[in-house]
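Here is the structure we will look at, set down as structure tokens.
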């Protein structure tokens, strides 16, 4: 039992920092930001809950800071730099935690699938995984599968992916997946 608990703690300690390493902020994301550091009158840690809106977040005293497309560590570094430049903190420490209360990141799956609709996105979600989450392809499915991302469509072959799983692309939040069918 003791070995199991130590293994679990070790796994959590090493795995958690990388859990959202590749996730980039987008409009509507909610996060908590903790700021601390000198000067003395502001050494107490305080937390703000912020929402990305129109590509940026608005912070007291320093204004708008671009956030869309940044990782949490990139945004924290940018905010630390801005706090120094504004001479609010001489050595700020910014810690950003992505909130769970914000809108879920989803993909839309439609076409010849059994249960079309929004599916919850995860970092490891692939094209075939998204179709499986929508109940799988229907009996009316054709070979083509389309991903629409940022207004651009890319076609994939179901047969090619089944033959070579390394061709199964990851989907991103906001993607539209359409399984072709009759």
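Things worth noting here:
- Cβ-Cβ FRET estimate between residue 154 and residue 64, R0 fixed at 35 Å, reported to 0.05: 0.55
- Ranked list, fewest to most other Cβ atoms within 10 Å of each Cβ, for 52, 107, 68: 68, 52, 107
- Neighbour counting of Cβ atoms within 10 Å sorts the residues 172, 54, fewest neighbours leading, into 54, 172.
- For the peptides 174-182, 160-168, residues were scored by their other Cβ atoms within 10 Å and the scores averaged per peptide; the highest-first order is 174-182, 160-168.
- Tensor-based shape of the stretch 106-181 (alpha-carbon gyration tensor, a/c under 1.5 rounded, otherwise prolate or oblate): rounded
- The distance between label points at residue 182 and residue 91 comes to 7.2 nm (points 7 Å beyond Cα on the Cα→Cβ vector).
- Estimated FRET transfer efficiency (residue 114, residue 84; beta-carbon r; R0 45 Å; 0.05): 0.25
- Using a Förster distance of 25 Å, the FRET efficiency for residue 106-residue 30 (Cβ separation, nearest 0.05): 0.95
Each reported figure results from applying straightforward, stated rules to the coordinates on display, with no laboratory input. Predicted model only: the values in this text are computed from it and were never measured. Cβ sites come from the backbone with ideal geometry, for glycine too, and all protein chains shown count toward neighbours.
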